[in-house]
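Down below is the structure, laid out as structure tokens.
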Amino acid sequence: MCGIIGCALKNGSAAPILRKGLMRLEYRGYDSAGVATIHDGKIHLKKDSGKIDEIHARLNLDDLPGSIGIAHTRWATHGAPSQVNAHPHIDCDGLVAVVHNGVIENFLELKEELIDRRHFFRSRTDTEVIAHLIEEGLEAGKSLLESTIAAVKRLKGSYALAIISPREPDKIVFARNESPLIIGLGDGVNFIASDVAAFIEHTRRAIFIDNGEVGYITPSEVRVFKVDSGVEINKRIIELTWTIEEAERSGYPHFTLKEIYEQPQTVREALKAQEKYLDLLTEFLDRGRDVFLLAAGTSHNACIAASYMFSKIARLTTIPVIASEFIENYGRSIGIDSIILAVSQSGETADVLAAVDHARMTAATILAVTNVVGSTLTRVSRAYVLQNSGPEIGVAATKTFTAQLTVLAQLALRLARKRGKLAQYEIDELEEELRKLPELVEKTLAISDKPMRDLAKELANARSIFFLGRGISYATALEARLKVMELSYIPCIAYPAGESKHGPISVIEDGYPVFFIAPSDSTRKHILGNIMEMKARGAKIYCVGTEGDNELRENVDWWLGLPKVHEILSPIIYVIPFQFLAYYLALERGLDPDKPRNLAKSVTVL
Ligand code: M6R
């Protein structure tokens, strides 16, 4: 996730407006930034790595000349955060400057093709191909809009684009597919941006651009067309009522809720994890004598789910280990044949890095799944895959958990294919389920918000809550417990449902709230027995299961039915109601869900 803004002013200087707008988008990414303007028939450009303020202090972004410009704040997905990889990107001859939010999946083949046609590439980003494709259109005598349409027809993936060219110095061309893009209509000025927060202090009149649309703004004109047909569209103007702070959270009261609702998109982006790195990790995983899944907190819960995925479909035994215990437990038994797959959203968690450092000394191979390019973890690992979730501002991990699982499921599937462990129809089925995931996530959000909000009222004063699941749903139970506990401060317990009778059941008394996570999978046949055991001791049973499972529904006190999903993907869907529960419990208890006490987003101490 990155932030883009373009500003077309009738009179005056665009650069200071762009920089201030960019600051409002910094929550979307902050590893590098840049601004490009047009003046005197030339593109003027400043960009660097670091946060916008730091770059501004070094380069003075405000003194770029011209009344038309585009700007970008980056969250790296292709190419490390650096000056050359920062946006805007330009073509060979300085005919065009482009800013982009999204992921171009077919950039490698386009890049090869363009290099064959003697284009010169400066960066390692996916975005730069767009500048060169548009350059070819301009060189062939097409307009900037026509060149952009021809370019985006070649792209596979997600993009929100803003493009300028000295050939048409009063225009900013834009295009959208799957990444947000909004026009702001001012007086003698028009904007294009990833988010209304970027321009809301100048205007509250907005046009929301939809997928497959392209167009341009000038200081006095806005035109929007369909990419496919070229037909012009009459778009509706919306009057925004948000404050600046609300606009930064896209109208949501908290970042945590915003991030929960971002999951259809972040799962979609995680599905675009780069093939070549997925293949590389698969190669290593296949070769290891022993494979450890190393992580802390929510990422550890993702690893527990992943251990079921790898074993169920790829027949690979993996050992999920809490990072702070790794050295004591396995430090002396690992070696050159060991594979350590470290999973860390931030890539900076001290416990994870300490364990990785130790493992490197034994010549073990370090692999990683992370959200932050340029993080320490990406620098010390042999190969890594990015989860592409954009910054997560809420301290509790929500969208990053589902994105990690989406990446890990793709790895498990690749390994299963490589090892010939699944029949072709099973691979097809799982691929189809992966494709449908964003849609399922969206449905689950719609189904679970209201019931969990209501339930939070009922459970606000609970002294303790129990979470139980069997199989891969044990990982979901652990994550449900962590979310509810860290946001509501209610002490919670999570167990594999089958294990609960070996001790924890003694805490059950009349009315004790016990959640069962019970999708209709291979564990379903045993779960009813576990429910009955708890019920017989007076527990109040809350159950999240599969829609249409009437037997379970009739035997529990509270029921939420979710859409059917492949067993190995179920944590991605079943965690969502508990993210809502945690969030609403915090509100009911008068707590700030974005900043739970005593916690930090990234724990960089041992
Ligand atoms: O950045 P990481 O994934 O390495 O972070 C790991 C944990 O610190 C993190 O998941 C933490 O448990 C969160 N508070 C969970 O919501």
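The values are calculated or read from the model by the stated rules, or taken from the named source; none is laboratory data. Everything quoted here is computed from the prediction, not taken from an experiment. In this analysis, Cβ positions are derived from the backbone assuming ideal geometry, glycine residues included, and neighbour counts consider all displayed protein chains. Side chains included, ligands, DNA and RNA excluded: accessible areas come from the protein's heavy atoms. Shrake-Rupley method; radii C 1.70, N 1.55, O 1.52, S 1.80 Å.
With a point put 7 Å past each Cα toward its Cβ, work out how far Phe284 is from Lys525 in nm, to one decimal.
3.9
Using alpha carbons only, how many degrees (0 to 90, rounded to 10) separate the axis of helix 473-488 from the longest principal axis of the chain?
Around 70 degrees separate the two axes.
If I take R0 = 30 Å and measure r between the Cβ atoms of Lys156 and Ile238 in this structure, what FRET efficiency does the formula 1/(1 + (r/R0)^6) give, to the nearest 0.05?
E between Lys156 and Ile238, to the nearest 0.05, is 0.50.
Quick one: helix 128-139 against the long Cα principal axis of the chain, what's the angle to the nearest 10°, folded into 0 to 90?
That helix lies at roughly 30 degrees to the long axis.
Over every pair of different alpha-carbon atoms in the stretch 3-248, take the mean of 1/r and invert it; report that Kirkwood radius in Å.
Evaluated over the stretch 3-248, this radius sits at 17.4 Å.
List the lysines whose Cα sits under 23 Å from the Cα of Lys483, skipping any in the same chain fewer than 8 residues away.
Lys258, Lys399, Lys443, Lys450, Lys457, Lys540, Lys595, Lys601
Please work out the Kirkwood hydrodynamic radius for the stretch 1-134, using every pair of different C-alpha atoms, and report it in angstroms with one decimal place.
14.7
For the pairs Lys111/Lys142; Lys501/Lys525; Lys272/Lys436, flag any whose C-alpha to C-alpha distance is greater than 19 Å.
Lys111/Lys142
What Rg and what Dmax come out for the chain when only alpha-carbon atoms are used, in angstroms?
So, for the chain, Rg and Dmax equal 25.2, 81 Å respectively.
Computed FRET efficiency, Cβ-Cβ of Glu146 and Phe120, R0 25 Å: what is it to the nearest 0.05? Numbers along the way, then the final one.
On the way: r = 23 Å, r/R0 = 0.94.
Given R0 = 25 Å and the Cβ-Cβ separation, E is 0.60.
Give me the log10 of I(q) over I(0) for the stretch 336-460 at q = 0.14, 0.17 Å⁻¹, as the Debye formula computes it from C-alpha points; what are the numbers?
-0.80, -0.99
Over all directions, how big on average is the projection of the convex hull of the alpha-carbon atoms in the stretch 110-186, in square nanometres?
Result: a mean projected hull area of 5.8 nm².
Highest mean first, how do 97-104, 278-285, 38-45, 307-314 rank when packing is the count of other Cβ atoms within 10 Å averaged over residues?
97-104, 307-314, 278-285, 38-45
Among rounded, prolate and oblate, which fits the stretch 78-119 when a ≥ b ≥ c are the square roots of the eigenvalues of its C-alpha gyration tensor, a/c under 1.5 means rounded, and a/b larger than b/c means prolate?
The shape class here is oblate.
So what's the net charge close to Arg223: Lys and Arg +1, Asp and Glu -1, counting the other residues with Cβ under 11 Å from its Cβ?
Within the 11 Å Cβ shell, the charges total -1.
Size of the stretch 252-422 along its principal axes in angstrom, Cα-based, largest extent first?
49, 37, 25
Sort Ile17, Ile393 by heavy-atom solvent-accessible area, probe 1.4 angstrom, most to least.
Details: Ile17 40, Ile393 65 Å².
Descending order: Ile393, Ile17.
Out of the total accessible area of the chain (probe 1.4 Å, heavy atoms of protein only), what percent is carbon and sulfur?
47
Could you give P(r) for the stretch 427-473, binned at 5 Å from zero, as whole percent values over all Cα-Cα pairs?
Each 5 Å bin holds this share of Cα pairs: 5, 15, 13, 15, 21, 15, 8, 6, 3, 0.
Report the gain in length on full extension from Arg315 to Asn329: 0.36 nm times residue separation, minus Cα-Cα distance, nm rounded to one decimal. Please list the in-between numbers first.
On the way: separation 14, 0.36 × 14 = 5.04 nm, distance 2.38 nm.
Extra length available between Arg315 and Asn329 comes to 2.7 nm.
Skip the ligands, DNA and RNA, and give the accessible area per residue of the stretch 420-469 with a 1.4 Å probe, whole Å². Numbers along the way, then the final one.
On the way: 2530 Å² over 50 residues.
For the stretch 420-469, the per-residue accessible area is 51 Å².
For a Förster distance of 30 Å, can you work out the FRET efficiency between the beta-carbons of Ala363 and Arg58, rounded to the nearest 0.05?
0.15
Using only the alpha carbons of the stretch 157-249, determine the length spanned along each of the three principal axes and report them from longest to shortest in whole angstroms.
36, 29, 22
Provide the packing ranking of 546-554, 258-266, i.e. peptides ordered by the mean count of other C-beta atoms within 10 Å per residue, highest first. Present the calculation step by step, with values, prior to reporting the outcome.
On the way: 546-554: 14.3, 258-266: 23.0.
Listed from highest to lowest mean packing, they are 258-266, 546-554.
Please give the helix 576-588 orientation as an angle from the longest Cα principal axis of the chain, in degrees from 0 to 90, rounded to the nearest 10.
So the helix axis and the longest Cα principal axis differ by about 90 degrees.
Any idea how far the Cα center of the stretch 144-199 sits from the one of the stretch 55-87, in Å?
Answer, in whole Å: 17.
Excluding same-chain residues fewer than 8 positions from Lys47, which lysines have a Cα within less than 22 Å of its Cα?
Partners found: Lys20, Lys171.
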